[in-house]
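Engineer: Pasting a structure below so you can have a look.
The values are calculated or read from the model by the stated rules, or taken from the named source; none is laboratory data. Quick caveat: nothing in here was measured; it's all calculated off a predicted structure. Note: areas computed on protein heavy atoms with side chains; ligands, DNA, RNA excluded. Shrake-Rupley method; radii C 1.70, N 1.55, O 1.52, S 1.80 Å.
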Amino acid sequence: MNAQTQRLLCTGPVGMIECALDIPVASTAPRGVAVIAHPHPLFGGTMDNKVVQTMVRALLQLGYSCVRFNFRGVGATEGSHADGLGECEDMLAVIAAHRAPNLPLVLAGFSFGAYVTTLAAEKLSGDDRAERLILVGPSTQRATPANVPANTLVIHGETDEVVPLSATLNWARPQQLPVVVMPGVGHFFHGQLTPLRDLIVRSWHAPHAPSQAHLQAPPLASPPSSR
């Protein structure tokens, strides 16, 4: 991420978990801790994915300490792929190791990582619950409606070729969750990482949560680039 990124290991349910910690540059204390999950490990997903790093940049700009990590079987993380349920255990272990007392918790994920984020969020209760979730291009084809915070931010590309927009709308509808749609954008947000970062930052400063079930993001800043 940058020269200040700290590479760490924490204990997980099936071995050590490789993590990366980024702390806001500002002199003030962090406003909270964010834990970010990466896309599907069987299709090349790692904590260094460009969408994951974009989410980290947005959250750093907002003042959060950010922890991203590799799921089991990826990089230096021990274990093997466990179809989401094991990866949920990994995320819970990272949360337990890195959350700070008396600081709000934000959970975020991209694609498969967003699906795992919803599973992890449901395992937390009481004062341990996350104050907010960020789900980017969430894998919703097999997901069931989740008990997530009402201010959960869901962002999806209009032309997502991996997870159809309709799947995410169908997942969000029973929960009355808004879905922010980036027009003309595919699953990997090619050429649109800066608009994605800005969208996350702006959502934090919005005076009121959106009430629509389907929102559209501002026009693209530039045409999507090739992969």
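Engineer: GNM, the chain, Cα, under 10 Å: largest mean-square fluctuation among R72, R99, R202?
Structural biologist: Taking springs between Cα atoms under 10 Å, the residue moving most is R202.
Engineer: Given a 1.4 Å probe and every protein chain left where it sits, what share in percent of the accessible area of the chain is carbon and sulfur?
Structural biologist: Whole-percent figure for carbon plus sulfur exposure: 53.
Engineer: Oh, and also: Candidates [x] 0.94; [y] 1.03; [z] 1.21; which is the computed Cα Rg over 2.2 N^0.38 Å?
Structural biologist: Answer by label: [x].
Engineer: Please give the length that would be gained between M16 and V201 if that part of the chain were fully extended, namely 0.36 nm times their separation in residues minus their C-alpha to C-alpha distance (nm, one decimal).
Structural biologist: Value of the extension gain: 63.4 nm.
Engineer: I've got another one for you. Just from its helices, what would the mean residue ellipticity at 222 nm be for the chain, if runs of 4 or more DSSP H residues each count -39500 (n - 2.57) and the sum is divided by every residue, rounded to the nearest 500 deg cm²/dmol?
Structural biologist: -8000 deg cm²/dmol
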